[in-house]
Amino acid sequence: MMLLLLLLLLLLFLILHQPTSVLSSSQLSPFTQISTSMYVSSPGHEEKTHSHKNLVIALVVVTTSLAALILFCLFFRIYYTKYYSSKSTKKNVQTSGQDAERGVALAPFLSKFSSIKVVDKKGCVPIIDYKQIEKGTNNFKESNILGEGGFGCVYKARLDDNLVVAVKKLHCEKSQYAEKEFENEVDLLSKIQHPNIISLLGCSSHEDTKFLVYELMQNGSLETQLHGPSRGSALTWHMRMKIALDTARGLKYLHEHCCPPVIHRDLKSSNILLDASFSAKVSDFGLAIIDGSQNKININLSGTLGYVAPEYILDGKLTDKSDVYAFGVVLLELLLGRKPVEKLAPLQCQSIVTWAMPQLTDRSKLPNIVDPVIKDTMDLKHLYQVAAVAVLCVQPEPSYRPLITDVLHSLIPLVPVELGGTLRVSQMTQQLFFPIDPCTQ
Ligand SMILES: Nc1ncnc2c1ncn2[C@@H]1O[C@H](COP(=O)(O)OP(=O)(O)OP(=O)(O)O)[C@@H](O)[C@H]1O
Ligand SMILES: [Mg+2]
């Protein structure tokens, strides 16, 4: 490029120093005009023709060089733009790849399974050697128990390669449903991969006992966080909104992105698990069914008291709106810090829906029924909005309930950007609605 420019400058210099310059006659000084006339009358007419030729050649060279220079610049620009756009596309692909990796939470674990004894595969799910599970849970030691469910306990286990997991032990001899739920969970979870849905890492079987191996969720279940010894003190208003948003994202994936759609059928706070950073994942797919499938007719009426939609109890009608109802109950638990069903007397129970409904729609009463742990820590407008969403979700008539995608979109603006929403919390607001210090509770 520099060389080309130098060449051009040199040529221009040569042209300007020709006896007959490119300057027009009108621009010539009288002195020059005289010299020109002298040239005309001079006998060196050939010399003049020769210099004209030189001028033409010089002009041709200059224009060609200029054209070459312009073309070069043009090509350089096209190449530069293409190179950059391809670089940014590559970056996009990588980003979506990273997202996919986040979704396919199994990947980093499965790679570790190469050194862990995988005896076989059940569909896509690795079957882990029972001996490893026994050893990893210290022979199902009590201190390894993370929680207890209807069919058995969930244990913390350290497998080979120091991979720490959660192992659910299902006693199939106790109930025919345990094995059915095991099969259903393996079948569904092996096909579902999403950041807000628990990852099934493997399974195992020993005599009448089946095992499901999951990724370990360090902060346990939402139920334990809300109704356990800490009584929700680790969960600020914004974290609660994030948990609701994550759960809605998991459900949206089941209802709208799975083909055919999946109805969870057992959404409840004990089936919403929290990882080290309190990101929520929906778990327990033992009761989940494929929407629109024939087997819906023959399914048993199941679910958990307090979360089951009225139309399901009354008519056995099961749709994605049944999950929306259960989601509404979880939202009420997050708002009010109450259990879905409270025992008033030995034979008297009260559901959170019946109790809260009249107060949820009354703006003067609402702030007084909020969980005391988060009382006065949120923007009131946001509180009214979340209460309105919850009221809609628990409507007795399923068609009045919103779709989970509508719920999701109404929650996004209430969750801070750093927690996965779009809310920008100013320094002022942060000071106003300071996070709760568990030590002061
Ligand atoms: N992957 C996991 N990581 C950490 N803790 C877990 C994990 N899975 C389950 N738990 C804990 O074990 C408890 C029992 O789980 P499980 O799914 O067996 O029963 P449940 O959901 O409480 O009740 P149900 O039997 O009615 O579904 C959970 O509430 C949770 O506290
Ligand atoms: Mg569970």
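The values are calculated or read from the model by the stated rules, or taken from the named source; none is laboratory data. Just so it is clear, the model here is predicted, and its values are computed rather than measured. So basically every Cβ, Gly included, is an ideal-geometry build from the backbone, and we count neighbours across all protein chains shown.
Quick check on my filter: what residues within the stretch 223-259 are under 15 Å from V417 (Cα atoms) and in contact with a His (Cβ under 9 Å, 6 or more places away or on another chain)? Correct list: W237, M241.
Within the stretch 280-293, can you find the residues that are within 16 Å of ligand 1 (Cβ to nearest atom) and of a type in the set (D, E)?
Here is the first cut: in the stretch 280-293, the residues within 16 Å of ligand 1 (Cβ to nearest atom) are 280-289.
Listed by number, the list holds a single entry, D284.
Taken over the stretch 383-396, the criterion of being out of contact with any helix residue (DSSP H, G or I) (no Cβ under 7 Å at 6 or more places or on another chain) and assigned to a loop (DSSP other than H, G, I, E, B) is satisfied by Q395 alone.
Answer with yes or no whether K169 is within 15 Å of K210 (Cβ to Cβ), more than 13 Å from ligand 1 (Cβ to nearest atom) and surrounded by 14 or more Cβ atoms within 10 Å (Cβ to Cβ). Outline the logic, then answer.
On the way: within 15 Å of K210 (Cβ to Cβ): yes; more than 13 Å from ligand 1 (Cβ to nearest atom): no; surrounded by 14 or more Cβ atoms within 10 Å (Cβ to Cβ): yes.
No; evaluated as a whole, the condition is false for this residue.
Scanning the stretch 200-235 for residues that are within 12 Å of ligand 1 (Cβ to nearest atom), closer than 23 Å to K375 by Cβ and not charged (D, E, K, R) yields a total of 7. Scan the stretch 174-187 and give yes if some residue there is more than 11 Å from ligand 1 (Cβ to nearest atom) and surrounded by 20 or more Cβ atoms within 10 Å (Cβ to Cβ), otherwise no. Yes, that holds for at least one residue. When the criteria are applied in full, A234 fails the requirement of being crowded, with 24+ Cβ neighbours inside 10 Å and modelled with pLDDT of 95 or more. Among residues of the stretch 141-168 that are farther than 22 Å from E183 by Cβ, none has a Cβ under 7 angstrom from a residue that is acidic (D, E) and within 10 Å of ligand 1 (Cβ to nearest atom) at a sequence gap of 6+ or on a separate chain. Residues in the stretch 237-279 that are among the hydrophobic types (A, V, I, L, M, F, W, C), within 12 Å of ligand 1 (Cβ to nearest atom) and surrounded by 22 or more Cβ atoms within 10 Å (Cβ to Cβ): L267, I272, L273, L274. Of everything listed in (1) part of a helix (DSSP H, G or I); (2) at positive phi, the single unmet condition for M239 is (2).
Criterion first (assigned to a loop (DSSP other than H, G, I, E, B) and modelled with pLDDT of 95 or more) does S270 satisfy it? Working first, answer last.
Values: assigned to a loop (DSSP other than H, G, I, E, B): no; modelled with pLDDT of 95 or more: yes.
No, not satisfied.
Candidates in the stretch 241-283 are the residues that are among the charged types (D, E, K, R) and within 20 Å of the chain's Cα centre (by Cα); of these, the one that is farthest from ligand 2 (Cβ to nearest atom) is E256.
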